[in-house]
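A.B. asks: Once you've had a glance at the structure underneath, I'll fire off some questions.
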Amino acid sequence: MAEIDQPWLPAVDGIVASHAGVPGSLLPILHSVQKKLGYIPAEAVERIADGLNLSRAEVHGVISFYHYFRQHAPGRHVVQVCRAEACQSVQGEATEAHARKCLGTDFHGTSSDGSFTLEAAYCLGNCAAGPSVMIDDRLYGRVTPARFDELMAEWRARK
Amino acid sequence: MAGTQVTRVYVSRDAAAQALGADETAAAIVELARSKGLDVELVRVGSRGMVWLEPLVEVEVAGKRVGYGPVMASQVNALLDAGMLQGAAHALHLGVVEELPYVARQERLTFSRVGVIDPVDLDQYLAHDGYKGLQRALGMSGAQAVQEVTDSGLRGRGGAAFPTGIKWKTVLDQQVEQKFVVCNADEGDSGTFSDRMLMEGDPFCLIEGMTIAGVAVGATQGYIYLRIEYPHAEIALRAAIATAKTRGYLGRDVLGSGKTFELDVRMGAGAYICGEETSLLESLEGKRAEVRFRPPLPAIKGLFGKPTVINNVISLASLPIILERGATFYKDYGMGRSRGTLPIQLAGNIKRGGLVEKAFGVTLRELLYDFGGGSASGRPIRTVQVGGPLGAYIPESQFDTPLDYEAFTAIGALVGHGGIVAFDDTVDMARMARYAMEFCAVESCGKCTPCRIGSTRGVEVLDRIMAGGPQRAANITLLEDLCDTMQYGSLCGLGGMTPFPVISALKHFPEDFSRDR
């Protein structure tokens, strides 16, 4: 059910309005909403659908198709661990297993202190210096389990 | 200080260099030079592609760039004291960068400026032959420009290797008002990063290439569909596009020619399938990125139903030099029907990983050992996967195969986007085969059954094979049948080519599938 008293709804409406006349604007709108709110709330879906003259099912179908779009609020930082072949060839699986253990969650989950949401990436384009990890927009190379611990400590301190 | 000269110091801003500490190194150079009263001008450039030397610091001494690397921020103080700004000897001193064998032995056509210039400085781009290709294209008819591209022998560098000029000719021949140029910058294959390096290190080159494409086929709007995993490339592209617009290289009247070409960046959202061109077009239209049936071809009915040139980053970025120097110049590189150069990416378990641009014809062995220096772990290289997650695993016995589209097809492999991932002898090929199926299951768009269901069944069958027992041989037969169904029954390359890594692993490394674990 839509809750019209959500304080961010005007922002969503503004984003939709600012894309008026832009061809194929649904992905750019979803990106803008997620950038602004951290995720795409169910209530926003209705407003976006109305604005683009689409059904809610169509908008939901697009959101759920793409791995990047999230329907729930993430932790303070998003940690992407690369699972692809180039990282596997340099013990990336050890980093991956360590990340799950260290953050106490599987992929798509958030650590209990709310600091980090863990995601799998299938190539971060840093294949000559793996294992690769990206925290928000910052890329890291040669991330061994020990290096992962250092990064977590560093980013926890950032707040 | 009186009498002191400004020393120019170059540090990469490429994401791979940043991932290894280049920002911290650059900041330390600026700060420590200031505190020591040394006059330094720091220039952030793209990466030379020698990733194992990043953060690479280059100092301009007597007109040449002397390299030091890898330089961590903590080492900057000692280096400055040792006389780095004069090019003095030090354990990290590499010599003149252009003379290093890794650099000197390349044939850098598409990547000639990457690592050399400030990527978002249009004047530096112009000073390094930038926009000469477009200038020449503007003096030609569309048909002449398309012919030049056809004559160059350029084939799609995204992996499909379709002749670019033929694709363009189809778009040129469509008599409609609106046409599009779309750049496929959804570089999702593991082991590939040449698109990213080009976009971060020389974004104007891609912009010029797309403008040439637009002018040639009569398209007025371009889109770069960029994967969300590449935020650094997004920043570089947006900055370069804004400058190109301001300076008249994009917009309603490109360089006073009266021709219009507008360009926008659109971000993907983490779907590997968008590297497939028809699903990319669906995504650009704001839909679920489900693969389209073909025909019609995108060249006839592409984006929003209009004729569309859709090319990979490297294909488009190769156009400026082809138009500037002419088709013959480009065609003189390469072998057989593979003309020109390919930016090859050495990745995975490799000592000297990075980007090597070479003419087609170079062998895997030369790349892996002469350039790559063997494995990073020091153990023997057992196999390489070429061409991304859908590429075959190639055993050591085939390392003398030259990089050539036809030679690779002959051994059941593909060149793809030129990414080479090395594995040492600790790799478990049954697990890699399982991963190929798992990846396909995660990334399948779901439109066709062989891919959507087949990939999940493939994971299950491989689990049973690895578990062993009396049914192992029957399960291997089942896996082969399943791969056959996926290869011939899938709608696009994802389901259709996932069997390549699986079957090649099974064929070349059967011992890994029969071993009890």
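Laboratory data are not the source of any read-out in this text; all were calculated from the coordinates shown. Note that the structure is a prediction, hence the values are computed from the model and not measured. Note that we place each Cβ from the backbone using ideal geometry, even for glycine, and neighbour counts take in every protein chain shown.
A.B. asks: Look at segment A:69-95 and say how many of its residues are in contact (Cβ under 8 Å) with a residue 24 or more places away in the chain, within 9 Å of chain B (Cβ to nearest Cβ) and over 22 Å from A:Met152 (Cα atoms).
C.D. replies: 3
A.B. asks: Within the group B:Ala239, B:Ala145, which residue is assigned to a helix (DSSP H, G or I) and more than 24 Å from the chain's Cα centre (by Cα)?
C.D. replies: B:Ala145
A.B. asks: Further question on the same structure: Counting only residues that are at positive phi and either in contact with a Phe, Trp or Tyr (Cβ under 9 Å, 6 or more places away or on another chain) or touching a residue at least 40 places away in the same chain (Cβ under 8 Å) (or both), which one in segment B:260-317 is surrounded by the fewest Cβ atoms within 10 Å (Cβ to Cβ)? Step through it out loud before you land on a result.
C.D. replies: Initial filter on segment B:260-317 (at positive phi): B:270, B:286, B:304-305.
Those left that are additionally either in contact with a Phe, Trp or Tyr (Cβ under 9 Å, 6 or more places away or on another chain) or touching a residue at least 40 places away in the same chain (Cβ under 8 Å) (or both): B:270, B:304.
Details: B:Gly270: 21, B:Phe304: 14.
The qualifying residue surrounded by the fewest Cβ atoms within 10 Å (Cβ to Cβ) is B:Phe304.
A.B. asks: Looking at segment B:121-142 only, could you name the residues that are buried (at least 22 other Cβ atoms within 10 Å of the Cβ) and among the aliphatic types (A, V, I, L, M)?
C.D. replies: Matches in segment B:121-142: B:Leu134, B:Ala137.
A.B. asks: Can you pull out every residue in segment A:34-46 that is within 12 Å of chain B (Cβ to nearest Cβ) and buried (at least 18 other Cβ atoms within 10 Å of the Cβ)? Outline the logic, then answer.
C.D. replies: Here is the first cut: in segment A:34-46, the residues within 12 Å of chain B (Cβ to nearest Cβ) are A:34-35, A:40.
A:Gln34, A:Ile40 - these are the residues of segment A:34-46 that are within 12 Å of chain B (Cβ to nearest Cβ) and buried (at least 18 other Cβ atoms within 10 Å of the Cβ).
A.B. asks: Going through B:Gly218, B:Gly188 one at a time, which residue ends up being on the phi < 0 side of the Ramachandran plot and either in contact with a helix residue (DSSP H, G or I) (Cβ under 9 Å, 6 or more places away or on another chain) or within 14 Å of chain A (Cβ to nearest Cβ) (or both)?
C.D. replies: So the residue among B:Gly218, B:Gly188 that is on the phi < 0 side of the Ramachandran plot and either in contact with a helix residue (DSSP H, G or I) (Cβ under 9 Å, 6 or more places away or on another chain) or within 14 Å of chain A (Cβ to nearest Cβ) (or both) is B:Gly188.
A.B. asks: Return the total of residues in segment B:242-276 being of a type outside the set (Val, Ile, Thr), touching an Asp or Glu at 6+ places or on another chain (Cβ under 8 Å) and within 14 Å of chain A (Cβ to nearest Cβ).
C.D. replies: Qualifying residue count for the region: 7.
A.B. asks: While we're here: Does segment B:214-233 hold any residues that are farther than 23 Å from B:Val254 by Cα and surrounded by fewer than 24 Cβ atoms within 10 Å (Cβ to Cβ), and which are they?
C.D. replies: Initial filter on segment B:214-233 (farther than 23 Å from B:Val254 by Cα): B:226-233.
B:Ile228, B:Pro231, B:His232, listed by residue number.
A.B. asks: Would you mention how many residues in segment B:261-302 are closer than 27 Å to A:Val78 by Cα and of a type in the set (S, T, N, Q)?
C.D. replies: The qualifying residues number 2.
A.B. asks: May I pose another question? Can you pull out the residues in segment A:101-118 that are touching a Leu at 6+ places or on another chain (Cβ under 8 Å) and assigned to a helix (DSSP H, G or I)?
C.D. replies: Matches in segment A:101-118: A:Leu103 only.
A.B. asks: For segment A:119-133, give me each residue that is in a strand (DSSP E or B) and either within 7 Å of chain B (Cβ to nearest Cβ) or surrounded by 24 or more Cβ atoms within 10 Å (Cβ to Cβ) (or both). Write out each step before concluding.
C.D. replies: From segment A:119-133, those in a strand (DSSP E or B) are A:119-121, A:133; that's our starting set.
The answer is A:Ala121, A:Val133.
A.B. asks: Whether any residue in segment B:98-105 is more than 30 Å from B:Ile212 (Cα to Cα), of a type outside the set (D, E, K, R), in contact with a strand residue (DSSP E or B) (Cβ under 7 Å, 6 or more places away or on another chain) and surrounded by fewer than 18 Cβ atoms within 10 Å (Cβ to Cβ) is what I want to check.
C.D. replies: The answer is yes, given that some residue of segment B:98-105 is more than 30 Å from B:Ile212 (Cα to Cα), of a type outside the set (D, E, K, R), in contact with a strand residue (DSSP E or B) (Cβ under 7 Å, 6 or more places away or on another chain) and surrounded by fewer than 18 Cβ atoms within 10 Å (Cβ to Cβ).
A.B. asks: Of all residues in segment B:97-144, how many are over 25 Å from B:Lys259 (Cα atoms), touching a residue at least 40 places away in the same chain (Cβ under 8 Å) and of a type in the set (D, E, K, R)?
C.D. replies: So the answer is 5.
A.B. asks: For segment B:250-259, give me the residue count where each residue is surrounded by fewer than 24 Cβ atoms within 10 Å (Cβ to Cβ) and touching a residue at least 40 places away in the same chain (Cβ under 8 Å). Give the derivation first.
C.D. replies: Narrowing segment B:250-259 to residues surrounded by fewer than 24 Cβ atoms within 10 Å (Cβ to Cβ): B:251-259.
Pick out the ones that are also touching a residue at least 40 places away in the same chain (Cβ under 8 Å) and you get B:254-255, B:257, B:259.
The qualifying residues number 4.
A.B. asks: Where in segment B:40-98 are the strands (runs of 3 or more DSSP E), entirely inside, with at least 3 residues that are under 12 Å from B:Ser12 (Cα atoms) and hydrophobic (A, V, I, L, M, F, W, C)? Spell out how you get there, then give the answer.
C.D. replies: Working: elements: B:40-45, B:57-61, B:64-68, B:93-96.
Because the criterion is at least 3 residues that are under 12 Å from B:Ser12 (Cα atoms) and hydrophobic (A, V, I, L, M, F, W, C), the strands (runs of 3 or more DSSP E) in segment B:40-98 that meet it are B:40-45.
A.B. asks: Could you please give the count of residues in segment B:277-307 that are within 14 Å of chain A (Cβ to nearest Cβ) and out of contact with any Asp or Glu (no Cβ under 9 Å at 6 or more places or on another chain)?
C.D. replies: If we filter segment B:277-307 for residues that are within 14 Å of chain A (Cβ to nearest Cβ), which is where we start, we get B:279-291, B:302-306.
Checking the rest, the ones that are also out of contact with any Asp or Glu (no Cβ under 9 Å at 6 or more places or on another chain) come to B:281, B:284-286, B:305.
The number of residues fulfilling the criteria is 5.
A.B. asks: Could you list, in sequence order, all residues of segment A:99-118 that are more than 14 Å from chain B (Cβ to nearest Cβ) and closer than 30 Å to B:Asp195 by Cα?
C.D. replies: Passing the criteria: A:Ala99, A:Phe116, A:Leu118.
A.B. asks: Of (1) assigned to a loop (DSSP other than H, G, I, E, B); (2) more than 13 Å from chain A (Cβ to nearest Cβ), B:Glu208 satisfies all except one. Which?
C.D. replies: (1)
A.B. asks: Let me ask another. I'd like the residue in segment B:393-426 that is assigned to a strand (DSSP E or B) and in contact with a Pro (Cβ under 7 Å, 6 or more places away or on another chain) and, out of all such residues, is farthest from the other protein chains (Cβ to nearest Cβ). Quick ask: steps written out before the conclusion?
C.D. replies: Just the residues of segment B:393-426 that are assigned to a strand (DSSP E or B), to begin with: B:393-395, B:402, B:419-424.
Those left that are additionally in contact with a Pro (Cβ under 7 Å, 6 or more places away or on another chain): B:393, B:424.
Values: B:Tyr393: 10, B:Asp424: 8 Å.
Only one residue tops the list, namely B:Tyr393.
A.B. asks: Another question about this same structure. Report every pair of residues separated by at least 6 positions or lying on different chains whose Cβ atoms are under 8 Å apart, first residue within segment B:450-468 and acidic (Asp, Glu), second assigned to a helix (DSSP H, G or I) and buried (at least 17 other Cβ atoms within 10 Å of the Cβ).
C.D. replies: Close Cβ pairs (under 8 Å, with a partner that is assigned to a helix (DSSP H, G or I) and buried (at least 17 other Cβ atoms within 10 Å of the Cβ)) amount to B:Asp463/B:Arg434.
A.B. asks: If you don't mind, another one. For B:Ile212, are the conditions met, namely being of a type outside the set (Lys, Arg) and in contact with a Cys (Cβ under 6 Å, 6 or more places away or on another chain)? Break it down stepwise before answering.
C.D. replies: Values: of a type outside the set (Lys, Arg): yes; in contact with a Cys (Cβ under 6 Å, 6 or more places away or on another chain): no.
Criteria not met by B:Ile212.
A.B. asks: Among (1) farther than 21 Å from A:His19 by Cα; (2) free of Cβ contacts under 8 Å to residues at least 12 places away in the same chain; (3) within 14 Å of another protein chain (Cβ to nearest Cβ); (4) of a type outside the set (Phe, Trp, Tyr), where does A:Ala49 come up short?
C.D. replies: All conditions pass for A:Ala49, except number (1).
A.B. asks: Taking the conditions exactly as written (within 14 Å of another protein chain (Cβ to nearest Cβ), under 28 Å from B:Leu237 (Cβ atoms) and part of a loop (DSSP other than H, G, I, E, B)), does B:Leu390 satisfy them or not? Write out each step before concluding.
C.D. replies: Values: within 14 Å of another protein chain (Cβ to nearest Cβ): yes; under 28 Å from B:Leu237 (Cβ atoms): yes; part of a loop (DSSP other than H, G, I, E, B): yes.
The answer is yes for B:Leu390.
A.B. asks: Can you name the residue in segment B:345-380 that is more than 10 Å from every other protein chain (Cβ to nearest Cβ) and part of a strand (DSSP E or B) and is also farthest from B:Arg196 (Cα to Cα) among such residues?
C.D. replies: B:Thr363
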